[in-house]
Every structure is written in C-alpha cells, then in structure tokens.
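Since the structure comes first, as structure tokens, the remarks are kept for the end.
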Amino acid sequence: MNALTPPAAKPLRPLKGVRIVSLALNLPGPAALMRLQAMGATCVKLEPPAPAAAPAGSSGDPMGLYNPQAYATLHQGVKTQSADLKTAAGQKALHRALAKADVLITSFRPSALKKLGIDWATLRRAYPALCLVEIVGAPDERAEEPGHDLTYLAEAGLVHGLDLPPSLYADMGGSLMASEAVLQARLAQLKIGKGVRLQVALSDAAHYLALPRTWGLTTPGAAVGGGHAGYRVYPCKNGRVALAALEPHFAKSLCQQAGVADASVKSMMAPTTHAAVAAFLATKTCAQLDALGGQARYSAVYAGGVNGTRVAIGFLRYLASIAHLRDVHFLWRPFLRDPDDDMVLECAVASGSRYIITHNVKDFKRAPELQVNAITPAEFLTLLRSKT
C-alpha cells in the first residue's frame, strides 16, 4: 500500500458458517459458487467421475476439460469431490454432504433430479431445513427443454447478424441470479425455520439483461443506442474510442473540444453534431483521447465543487497516469530550513517540475530561485481549470 491507496475495507462475509453443496456443472453453477465462497460460505462440489479417456486427475465437470484455467479460477476455495450419483457409493457421499448442508445447488432437469432421488418433494422430507436452488435453462414447464447460452440470448433478441456474442451473458447473468437466490433462500430459512426451493432460469437471465433494449433504451437512434453524439463508438487516428459523454457537463466538454457551440440534448442528437465529433476524434490517437477524457472528468469535478479524499486520490492517480517517469539522483544541498523540504525541492528540480503542491507554501519561499513555484492545492486546481 502507498500513500495514494486508501486502506482496503475488510470484506463482508455474510455467509460465513453457511454450508453449500453444489452439483451444478459447466459455467453458471460454478460461477455462482465462486461468488458465494467469496461471501464466506463453505462450498463443497460433487462432480461425476471424469470420462475414461480423460487424463489422470481430470475433473468430471466439462469445464475442467475444455478450459482448465477457468475451472481453476471458478473453484478456488471450493472443496471438490468425485461422486457418481448413479451408484450407491455416490448416493452415500451425497447424503453425507447434505446432512450438514444449508443449501443445495443443482443444474439438472427436473426429471433427472427425480431419478437421482433429489427432487424437492424427496429432499424436504429427508432434510426439512435444507434449501434447494435449481438452475435450469427455461422456467417451469419449459425446464426440460435443452438449451445453451447462445439460444437464450437469441430468444431474448440479443444476437445480431452472424457474430457470436463476446461473452456468455445468460450463463453469467444466471450465476448472479443463482447467488442472489441463495441469499434469498438463506434469509427465508432463518425467518421461517425450514428450507425453501427457488428456481433460476438462464432464459430469464437473458431476458432480464435484454430489458434496456425491450424498453427502447438501446434501440438504434435512442439516446444510448447511438442517437446521442456523446454515446457512441467512433474511429480514431489509431483505433477506436468508446465515448460516453451523456451528462451535460461531459457533453459540454466534448463539444468544446469538437468545436460545437450547442451542447443541449437536442443538439447532441443532431447529425451535424455527430459529424463534428467524428471529425474531431478522427484526428486524435487513443492516448490523446484518454488524456482528454481525464481532463474532462476532473474539470467536471472542479465545476461541481466535489470534495473528499476519494476524489483527491482519484485526481492524483489521474495525474500519475499521464505523468512521465524520471530518474531522480539526489544532490542534496542545504537550501531550505527543513532538510525534508530540501529533499522535496531536490526531487522537483531533478525531475524538471514547475510546481510543488503543498499547504506549507511558506516553507518553500526560496523555491522560485530554482525555477520551482510552491502553490496550494486550491491554487493548483484553479490553474488546471484555467487550462481546460
């Protein structure tokens, strides 16, 4: 940790002491388990035996075979155990785990749960306090239908053209809903003293993620669908830039840079503004636009009068991100009254700095003799604001 890094908050572990058993394979279940483990839960996962042709020590979860790195990340801190639930030994291992569990997570179709003797009716008789979170493809009567992330996204209108989506949104959204369901189940369990059953459908996750589009927020021509000149992806000099200048102060900063006089919402939706912004961005590199974005962000902070440690730290990090590193070789000279101040001044001189930002300006009265000015933070912000 350095002076610019605030002390890390102690992580909340609301599920400490809660035992979760998972039978869920592939991505949604393990991703949910990863989050639950991070929240303090004790997580145990039972997996089927690996295929006979798989290398020794392989997992029975397909994820372990087609992406071992992802599998390792998902299962960090999770106790995994091989158990063939179709055998007496596997059933014994399962029920030994369930006897100590608070929540069971599955990703089987309802008919498979019934065949394995872990459908809800059977579970609640054997373990009245146990909660069940079922991850399925589609809800209720469609839960037996086969499907995958891609088909759920297509059904929700989130697949366009022939390109595959860049991520597995339904699976990951479903994992969030599953971890949320575990929290809901645990709260209900504590309140009513017995287990509850919740179903999480990946198709529901896809439709939830699609709601902004369903509402018309992201359809072509809408404000965040490309209609607003400040919210688009544009080509730039050496690549492309994702621009998000919706708020009035950000839009105003963008228009000032692009030579657009009117930053009103009506103007930002006009084709002429789109053209002006596109022409401006085409002349800038990615690095130049990053720097401009930082200036706009912090000029908005000055204009809004926002104060506080986090803003100050963020601002200093921004300065560090655009600074040029210099080696400093101290040639200490007794110049100021305080040797520590002399070290600061020597660093400023050696690095070619023009300013020392300090509340103790009086301690650096002789700094201008070495072409360095000591100014207060408020004076520095005023100086920056005058240059943006």
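Within a 10 angstrom radius of the beta carbon, how do V136, V233, V349 rank from fewest other beta carbons to most? Intermediate values should be presented prior to the final figure.
On the way: V136 25, V233 10, V349 17.
Listing V136, V233, V349 from fewest to most nearby Cβ atoms yields V233, V349, V136.
Remark on segment 124-233: Rg and Dmax equal 17.8, 60 Å (Cα only). Starting from the amide H of R197, placed 1.01 Å from N in the peptide plane, find each other amide H under 5 Å away whose residue is 5 or more places distant or on another chain. So R197 has HN proximity to L132.
Report note on the peptides 377-386, 36-45: ranked by the mean count of other C-beta atoms within 10 Å, highest first, their order is 36-45, 377-386. Taking one quarter of the surface of the convex hull spanned by the alpha-carbon atoms of segment 33-177 gives a direction-averaged projected area of 10.4 nm². Under a Gaussian network description of the chain, with springs only between Cα atoms under 10 Å, the residue in L209, L130, L336 that fluctuates furthest is L336. Normalised by the number of residues in segment 327-383, the mean separation of alpha-carbon contacts (under 8 Å, six or more apart) gives a relative contact order of 30 percent. Considering only alpha-carbon pairs that sit under 8 angstrom and 6 or more positions apart, the relative contact order computed for segment 19-213 is 23 percent. Dipole size of the chain about its Cα centre, with +1 on Lys/Arg Cβ and -1 on Asp/Glu Cβ: approximately 840 debye, rounded to the nearest 20. Between C131, C255, C347, the Gaussian network model of the chain with springs among Cα atoms under 10 angstrom shows the greatest mean-square fluctuation at C347.
Roughly how compact is segment 1-103, stated as its Cα Rg over 2.2 N^0.38 Å to two decimals? Rounded to two decimals, the normalised Rg is 1.27. Full extension of the chain segment joining S58 with R240 gains 61.3 nm, where the gain is 0.36 nm per residue of separation less the Cα-Cα distance.
Against the compact-protein benchmark of 2.2 N^0.38 Å, the Cα-based radius of gyration of segment 327-383 scales to 1.06.
Computed as a quarter of the hull surface, the mean projected area of the alpha carbon convex hull for segment 158-204 stands at 3.5 nm².
The H on the amide N of V18, modeled in the peptide plane, is under 5 Å from the matching H of T42, each at least 5 residues off or on a different chain. Taking the number of Cβ atoms within 10 Å of each Cβ as an exposure proxy, the fewest-first ranking of H274, H95 is H95, H274. Out of A99, P235, G157, whose Cα points farthest toward the positive end of the dipole of the chain (charges: +1 Lys, Arg; -1 Asp, Glu; placed on Cβ)? Most positive-ward Cα: A99. Here the contact order of the chain, divided by its residue count and restricted to Cα pairs under 8 Å and six or more residues apart, works out to 10 percent.
Among W215, W120, sorting on how many other beta-carbon atoms sit within 10 Å of each Cβ, with the fewest leading, yields W215, W120.
Please report the net charge: other residues with Cβ closer than 10 Å to the Cβ of P28, K and R +1, D and E -1. Net charge in that neighbourhood comes out at -2.
Considering only G17, G293, G227, the mean-square fluctuation computed in a Gaussian network model of the chain, springs between alpha carbons under 10 angstrom, is largest for G17.
Here, each number is a calculation from the coordinates, and none is a lab measurement. All values derive from a computational prediction rather than experimental measurement. For neighbour counting, all protein chains shown are included, and Cβ atoms are generated from backbone atoms with ideal geometry for every residue, glycine included.
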